[in-house]
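Undergrad: Dropping a structure here in structure tokens format, bear with me for questions.
The values are calculated or read from the model by the stated rules, or taken from the named source; none is laboratory data. Small disclaimer: the values here were computed from a predicted structure and weren't measured. So basically every Cβ, Gly included, is an ideal-geometry build from the backbone, and we count neighbours across all protein chains shown.
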Amino acid sequence: MIITIDGPSGTGKSTVAKKVAEKLGFTYFDTGAMFRAIAYGVIANQIDYKNQELLIHFLQSAELTLKNQHGKTHFYLNGSDVTGHLRTAPVTLLSSKISTIKEVRDKLSQLQRDLVKGDISAVFEGRDMGTVIFPKAEVKIFLTAAPLVRAKRRYDELVAKDPSMAQSMTLEKTLQAIQERDERDENREIAPLKAASDAYLIDTSSLSIDEVVEQIITLIKS
Ligand code: C5P
């Protein structure tokens, strides 16, 4: 059984998807982290992502593998564990930019579909899981939340992780960055961010993580 959870950033998607998978005993896949791993590789190899030839060459040589270690997924790029490098600001920005490129999406779409070979029960979290990658998924969820609520969540997360961020980052800047990423995701030609016509929409603006998880579990059971 495949469950897809899509939506923009700051809707609580990752935490919710992880918890839903845990509760059901399903495998959880964070597809945003795959885009981030490729973005990290582009940065680490000092590749100009706008140079199509160089980018394609890099993609051809980039082997991305996922390994479960102590219950957590680790992302390996050409044999190196890059998991700890995926949440930096440059990687966040570049992952959003390269996600508009066909060759990048083709490579990761293939990898994502390969993950379900065999009889697997999984929760896939991303932007195009219910629309493009798994259009036949049994349950599709699309999470939304008001932009300011999403920005506040992201800002609080940033500062909780690194209190010194409070000096350089503001709620306004976080909101602007989120809106720029949303705009790129929603308006790209390939696999834009949108709800599948058969997805259940949940507005998480005034819901706790546990309330969203409960709603999804109820939906799945029904
Ligand atoms: O979800 P996360 O913020 O980690 O995703 C990083 C970036 O990858 C997003 O900004 C989005 O542009 C892209 N992405 C995508 N399709 C997915 C998952 C993520 O385009 N299925």
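Undergrad: Looking at this structure, is Glu53 more than 16 Å from the ligand (Cβ to nearest atom) and assigned to a helix (DSSP H, G or I)? Talk me through it step by step, then tell me what you get.
TA: On the way: more than 16 Å from the ligand (Cβ to nearest atom): yes; assigned to a helix (DSSP H, G or I): yes.
For Glu53, the condition - more than 16 Å from the ligand (Cβ to nearest atom) and assigned to a helix (DSSP H, G or I) - is met.
Undergrad: Moving on. Here are some residues: Asp185, Asp210, Asp198. Which one is of a type in the set (Asp, Glu) and either in contact with a helix residue (DSSP H, G or I) (Cβ under 6 Å, 6 or more places away or on another chain) or part of a loop (DSSP other than H, G, I, E, B) (or both)?
TA: After ruling out the rest, the residue left standing is Asp198.
Undergrad: Another question, then. Out of all the residues in region 32-55, is one or more touching an Asp or Glu at 6+ places or on another chain (Cβ under 8 Å) and under 30 Å from Ile216 (Cα atoms)?
TA: yes
Undergrad: What's the total number of residues in region 46-71 that are of a type in the set (Ser, Thr, Tyr) and within 22 Å of the chain's Cα centre (by Cα)?
TA: Of the residues in region 46-71, 2 are of a type in the set (Ser, Thr, Tyr) and within 22 Å of the chain's Cα centre (by Cα).
Undergrad: Restricted to region 112-131, and to residues that are within 11 Å of the ligand (Cβ to nearest atom) and either surrounded by fewer than 18 Cβ atoms within 10 Å (Cβ to Cβ) or among the acidic types (Asp, Glu) (or both), which residue is nearest to the chain's Cα centre (by Cα)? Reasoning before the result, please.
TA: Looking only at region 112-131, we keep the residues that are within 11 Å of the ligand (Cβ to nearest atom), and these are 112, 124-131.
Checking which are either surrounded by fewer than 18 Cβ atoms within 10 Å (Cβ to Cβ) or among the acidic types (Asp, Glu) (or both) leaves us with 125, 128.
Working: Glu125: 6, Asp128: 10 Å.
Checking each candidate, the answer is Glu125.
Undergrad: So the check is Cβ under 8 Å with 6+ separation or different chains; which pairs have a first residue in region 134-150 that's of a type in the set (Asp, Glu) and a second one that's in a loop (DSSP other than H, G, I, E, B)?
TA: What qualifies is Glu138/Met1.
Undergrad: Also, quick follow-up: Find the residue count for region 204-222, including only residues that are loosely packed, with under 15 Cβ neighbours inside 10 Å and acidic (Asp, Glu).
TA: Qualifying residue count for the region: 2.
Undergrad: Right, next: List the number of the failed condition for Phe58; all other conditions in (1) of a type in the set (Phe, Trp, Tyr); (2) in a loop (DSSP other than H, G, I, E, B); (3) away from the ligand (no atom under 16 Å from the Cβ) hold.
TA: All conditions pass for Phe58, except number (2).
Undergrad: Take the residues of region 180-193 that are surrounded by 14 or more Cβ atoms within 10 Å (Cβ to Cβ) and of a type outside the set (A, V, I, L, M, F, W, C): which is farthest from Pro90 (Cα to Cα)? First the steps, then the outcome.
TA: Residues of region 180-193 surrounded by 14 or more Cβ atoms within 10 Å (Cβ to Cβ): 181-182, 184-185, 188, 190-193.
The next check asks that each one be of a type outside the set (A, V, I, L, M, F, W, C); those that pass are 181-182, 184-185, 188, 192.
Values: Arg181: 13, Asp182: 17, Arg184: 16, Asp185: 17, Arg188: 20, Pro192: 22 Å.
Of everything passing the filter in region 180-193, Pro192 is farthest from Pro90 (Cα to Cα).
Undergrad: Another one. Within region 173-206, how many residues are among the hydrophobic types (A, V, I, L, M, F, W, C) and within 12 Å of the ligand (Cβ to nearest atom)?
TA: Here is the first cut: in region 173-206, the ones among the hydrophobic types (A, V, I, L, M, F, W, C) are 175, 177-178, 190-191, 193, 195-196, 199, 201-202.
Still in the list and also within 12 Å of the ligand (Cβ to nearest atom): 177-178, 190-191, 193.
The total comes to 5.
Undergrad: Then there is this: Can you find a residue that is part of a helix (DSSP H, G or I) and aromatic (Phe, Trp, Tyr) anywhere in region 150-158?
TA: yes
Undergrad: Select from region 156-170 the residues that are in contact with a helix residue (DSSP H, G or I) (Cβ under 7 Å, 6 or more places away or on another chain) and either surrounded by fewer than 12 Cβ atoms within 10 Å (Cβ to Cβ) or at pLDDT 95 or above (or both) and list them in ascending order.
TA: The answer is Ala166, and nothing else.
Undergrad: Got a sec? Which of Leu86, Leu108 is without any contact (Cβ under 8 Å) to a residue 60 or more places away in the chain and within 21 Å of Asp185 (Cα to Cα)?
TA: Leu86
Undergrad: Give just the number: which of (1) farther than 24 Å from Met169 by Cβ; (2) buried (at least 18 other Cβ atoms within 10 Å of the Cβ); (3) modelled with pLDDT under 95 does Gln69 not satisfy?
TA: For Gln69, the failing item is (2).
Undergrad: Please identify the pairs in which a residue from region 36-54 that is within 12 Å of Pro90 (Cα to Cα) has its Cβ atom under 9 Å from the Cβ atom of a residue that is basic (Lys, Arg) and assigned to a loop (DSSP other than H, G, I, E, B), counting only partners at least 6 apart or on another chain.
TA: If the second residue must be basic (Lys, Arg) and assigned to a loop (DSSP other than H, G, I, E, B), the pairs left are Arg36/Arg87.
Undergrad: Select from region 12-41 the residues that are near the ligand (Cβ under 10 Å from one of its atoms) and polar (S, T, N, Q) and write down the one among them that is farthest from the chain's Cα centre (by Cα).
TA: So, considering only residues that are near the ligand (Cβ under 10 Å from one of its atoms) and polar (S, T, N, Q), the one farthest from the chain's Cα centre (by Cα) is Ser14.
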